[in-house]
Each structure stands twice: as C-alpha cells, then as structure tokens.
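Right, one structure below, let's go through it.
Bear in mind that the values in this text are calculations on the coordinates, not laboratory data. Note that the structure is predicted; figures quoted are calculated from it, not measured. Quick reminder, even Gly has a Cβ in these numbers, built from the backbone with ideal geometry, and neighbours come from all protein chains shown.
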Amino acid sequence: MSSTPIAAARGRRAWHKFLANRAGVAGAVIIALFVLMAVFAPWLAPLDPLKSSFMTVRQAPSALHWLGTDELGRDILSRLLFGARASLMAGLISVAIAMLAGVPLGLLAGYHGRLIDGVISRCTDAMLAVPFLILAIALASFLGPSLTNAMIAIGLSAMPLFVRITRAQAIAIKSEDYIESARAIGLTDGAILWRYVLPNALPPVIVQASLTIAMAIIAESSLSFLGLGQLPPAPSWGSMLNSAKNFMDQAPWMSVAPGCAIFAAVLGFNLFGDGLRDALDPKTQ
C-alpha cells in the first residue's frame, strides 16, 4: 500500500487539530498581520521613515503622527512598519541558516554514531554551554555590525538546537523495521537518510523552527539595541528602543511602540509553535 494516502490523512488530522487550537490560530493571525505589515510597509506607512523634521521633534501621538515622533522628528509608526521587515527577515533567515547547518549534522550524528556522533555532539555541547544570546553577541562582534552579520551570528548560535533535536530523532528512527528493510533491499545510507529518516524527523524540527524564530527576533532586537545589528538610520525595533532609552521621561511613547511590537511578534510565534507541537504530536495522530 502506498504511504501517500496515509501521509495525507495524517496531514488532514494535524490540520484540523491545529484549527481547533485557539491559541495556535491566534498566533498564526498575529504572524500574518506582521507579515502584511512588513510586505506592505511602503503603502501603509504614512510618512518617509528616514525623513527628519526638527519642527516635530519628540511630539506626542496626534492625528498626523499616530504614535508620535522620535528625537529627530521621524514618524514612529512609519519606522515601526519598516522595522518589521528587519525583525521578520532576521527571524526567518537566521532560523533557515540554523536548519541548513544543523539538520544535516544531526542526521549524520544520529544515523552513523560512533566517531562522527562523538565529534559533532561534543562540539554541539560546547556551543550549548554558552548562553544563546551571549554567543550571538560574541559572533556579531567578531563579524562586525550589520543586519546580515547579525543574522549569520544568530543562525550559528541557534544551530546546536537543531543538531540536538535532529540527532535524537535520527537515533530513534534508524532502529525502526522499515529502515532495516531499506538496508536489506540495498539502499545506500544517503538514500535512506533522504527518503526515510529526514521526512520522519521533520515534524519536531518544524516545531522547533517556529519557536526559534521568536528567539531570533529577540536576539536581533538585542543586537540592534547594542549597535551590532541593523544600523541607523535604517529602522529596527531594537535600535528604536536604544534611541528611546534616553528620553523615557520626556517622550515615553518612543519606547512603547517598538516594545509592544517585539512582545506581540514573539507571542505570536510562541503561540503558533505551541499549536504546531500539539497538532504534530505523534501520540495523538
């Protein structure tokens, strides 16, 4: 019997279970709103996010500037919309880097074991011994301040998470009967990894990716806050907070908008990840 109908049935069950999870759906809606903000920022932004106006420095929210202006008279709403691009791009690209580097290493370590597993696992343990954000800051400092380097630093810092979870899945899968059958009919290790081990290891990896995007958004904001991420005058939620910290008494609205945006984006991805985890749990399939 073909495995395609079985996989399709599992996919439908997972989809219906996800739709029944209100928190997960709420997270997906929040993510969709931020994606729309980032994509349509040039049309949604009421003003040029880079245009300064010394006649409107640190103005409170008004009909013209819904979220107020910053220390250079720039419209905060416009900068918030364009800043969503940097944060979402950093989250998605960083996690893509972590997956592309971590998943193959995890498959090799878990499937082959012995020396390969020992080398990869010890390197992974060494990286996990350093807190995620500290490692990202160290790598970003070494590479130099820019959004591209920040994404590389965040991706490399998150890579051990994917190595470990993929390795665990590969160890469990390689002892299954269908893997032994694949070896018996003469399939190479590469074919077995590609056709059987990787597809069955992907569900928890996808869940981890959705949760890691939230971590990456916080990391990018932290690096931009420290001057190691998106560089001014380009808008970034982290750099907006860095500017706002000097005017907390005179212009508190400068920090409210980017802070709430970071909170909402991270909340959305965490809710979405929790919903995916429940929907893809093999114990409930």
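Structural remarks
- Tilt relative to the chain, helix 147-173 - C-alpha long axis, 0 to 90 degrees, to 10: 30 degrees
- Computed on region 86-271, with alpha-carbon pairs under 8 angstrom and 6+ residues apart, the relative contact order is 28 percent.
- Mean shadow area of region 51-92, taken as a quarter of the surface of its Cα convex hull (nm²): 3.0 nm²
- For region 209-214, 3J(HN,Hα) computed residue by residue from phi via the Karplus equation (6.51, -1.76, 1.60; θ = phi - 60°) reads 5, 5, 6, 6, 4, 4 Hz, glycine and proline entered as x.
- With kT/(6 pi eta Rh) evaluated at 25 °C and eta = 0.890 mPa s, and Rh the Kirkwood radius from Cα pairs, region 52-195 diffuses with a coefficient of 133 µm²/s according to Stokes-Einstein.
- 15 Å Cα-Cα reach of Lys174 towards aspartates and glutamates, excluding residues that sit fewer than 8 places from it in its own chain: Asp117, Asp189
- Of Arg122, Arg164, Arg85, the residue with the greatest mean-square motion in the GNM of the chain, using alpha carbon springs below 10 Å, is Arg122.
- What the Cβ-Cβ distance of Ile185 and Leu50 gives, at R0 = 51 Å and to the nearest 0.05, is a FRET efficiency of 0.25.
- Among Thr188, Thr166, Thr212, Thr56, sorting on how many other beta-carbon atoms sit within 10 Å of each Cβ, with the fewest leading, yields Thr188, Thr56, Thr212, Thr166.
- Rounded to two decimals, the Cα radius of gyration of region 86-271 over 2.2 N^0.38 Å is 1.23.
- Rounded if a/c under 1.5, otherwise prolate or oblate - region 161-251, Cα gyration tensor axes: prolate
- Computed from the alpha carbon atoms alone, the convex hull of region 141-194 holds 89 Å³ per residue.
- Reachable aspartates and glutamates, given that their alpha-carbon falls under 20 Å from the alpha-carbon of Lys17 and they are not under 8 places away in the same chain: Asp274, Asp278, Asp281
- Counting neighbouring Cβ atoms within 10 Å and putting the fewest first, the residues Trp66, Trp43 line up as Trp43, Trp66.
- Placing a pseudo-label 7 Å from each Cα along the Cα-to-Cβ vector at Ile134 and Ala168 gives an inter-label distance of 2.3 nm.
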